[in-house]
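Please treat every number below as a calculation from the coordinates, not as lab data. In this text the structure is predicted, and so the values were computed from the model without any measurement. Neighbour counts run over all protein chains shown; Cβ positions are idealised from the backbone, glycine included.
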Amino acid sequence: MARLRGSSGPWGNVLDSTLDRVADGAAWDAAIASTRGHALIAGAVAAMLLMSWTVSLYVSSRRGQTAAA
């Protein structure tokens with residue numbers, strides 16, 4: 001919305017990223033909770049969570065480097 005109005009800025013980018021991580025965390029938390037009693041599956045879900053956040057952070061940092069260039 002902010003980009004469409006021409007009023008986007010660094011604060012909006014931080015807020016957007018933060019809310020994305022909160023939403024991701026809620027979804028993954030539900031996935032882990034549904035594996036109650038299945039330690040192997042819970043571990044696999046937790047590993048996927050870690051990998052998804054790592055990729056997200058990598059992409060965000062690359063996007064920032066590209067925008068600065």
ask   = What is the calculated FRET efficiency for W53 to L4, with r their C-beta to C-beta distance and R₀ = 30 Å, to the nearest 0.05?
value = 0.60
remark   = At q = 0.15, 0.21, 0.26 Å⁻¹, the log10 of I(q)/I(0) for the chain from a Debye sum over equal Cα scatterers comes to -0.63, -0.93, -1.15
Counted charge near V22, where neighbours are those whose Cβ lies closer than 14 Å (Asp, Glu -1; Lys, Arg +1) = -3
ask   = Quick one: Karplus J couplings for the stretch 39-53, per residue in order, coefficients 6.51, -1.76, 1.60, θ = phi - 60°, nearest Hz, x for Gly and Pro?
value = 4, 5, 5, 4, x, 5, 5, 4, 5, 5, 4, 4, 5, 5, 5
